[in-house]
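Readers should treat all values here as calculations from the given coordinates under stated rules, not as data from a laboratory. Every value quoted in this text rests on a predicted model; they were computed, and no experiment measured them. Note: ideal-geometry Cβ built from the backbone for every residue, glycine included; neighbour counts use all protein chains shown.
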Amino acid sequence: MLPLQNKSLNKDIPVPLYYQLKKILFEYISEHHQDVEVPIPTEIELSNHFDISRPTVRQAINELVVEGYLYRVKGKGTFIAKPKINQDFLLKLESFNTEMKEKGFTPSTRILSVEVVRSDEAVSKALKINEGSNVIQLSRLRFADSEPIVYVVTYLPYDKCSNITSMNLAEGSLYEILKQEYHLDVASVTRNLEAVLAGEYEANLLGIEKGAPIQFIESIAQLSDGTPIEYSLARYRGDRNKFTFELHR
């Protein structure tokens, strides 16, 4: 707490106290508290030092958590989040493994399940097939340096790649398998991005708290003639990923 000892809040200006504290904490975690394995000072310590209420401290910390700079571990404290991975998923047709290697990470994949199921309304609409048709449902948890980054559920039309369930889907690129084994070459992908909150199941998989922010991406991959060949629902950890868009005029 030493770097914070010379800091104080100005209660005579119209700037909210929680916002003043948030700026002080941001400077502290950016420049002084370098050990990500050690928690930052507790709410009680900060409340006593700055002579403000715990709800005010909590509000400042909450905003830094939502913005991805801090994260909480129940029973242990509040820690500095690792730098986010700048994902190119929305800009390139590139495999997860290739992208992670280019960024200096070691990628890996855990197959959670692969099975033949009946398509529901959403899957049928995305793949342009009759509702109740057979589809392959592939669920994967993908890692960067052994840390879970994204949980993905993918649907493929069964009649076009029925025996893909027997292939090595943990190490190979799905698009490359479709191209090499079935001569199905993905030409374009439509993606939609929205912010959602983690449910209990994906929170447990990704190692985050229930209700933590998630970047939810819905993708439909098409062949050159416009036929949909893949429908995926990807849930990226909000605290470990960010997506940058580059626009040109």
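Observations, loosely collected:
- Using alpha-carbon coordinates, inclination of helix 17-31 to the longest axis of the chain, degrees: 70
- Phi-derived couplings, Karplus 6.51 cos²θ - 1.76 cosθ + 1.60 at θ = phi - 60°, listed residue by residue for the range 35-44: 8, 6, 8, 10, x, 6, x, 6, 4, 5 Hz, with x used for Gly and Pro.
- When the pairs LYS125/LYS210; LYS82/LYS103; LYS101/LYS128; LYS210/LYS242; LYS103/LYS125; LYS22/LYS242 are compared against a 26 Å limit on Cα-Cα distance, LYS125/LYS210; LYS101/LYS128; LYS103/LYS125 fall above it.
- In terms of surrounding Cβ atoms within a 10 Å radius of their Cβ, VAL186, VAL38 rank from fewest to most as VAL38, VAL186.
- Mean-position separation - Cα centroids, the range 1-80 and the range 170-241, in angstrom: 35
- Hull volume in cubic angstrom per residue (convex hull over the Cα atoms of the range 128-203): 154
- Largest-first ellipsoid semi-axes for the chain, taking √(5λ) over the Cα gyration tensor eigenvalues, angstrom: 44, 17, 17
- Among LEU70, LEU138, LEU205, the largest mean-square fluctuation in a Gaussian network model of the chain (Cα springs under 10 Å) belongs to LEU205.
- Across the range 2-80, Cα-Cα pairs farther apart than 20 Å form 24% of the total.
- Rounded to whole numbers, the Karplus 3J(HN,Hα) couplings from phi for the range 138-155 are 10, 10, 9, 10, 10, 10, 10, 6, 6, 9, x, 10, 8, 10, 10, 10, 10, 10 Hz, using 6.51 cos²θ - 1.76 cosθ + 1.60 with θ = phi - 60°, and x at Gly and Pro.
- Kirkwood Rh in Å, taken over all unlike Cα pairs in the range 97-170: 13.5
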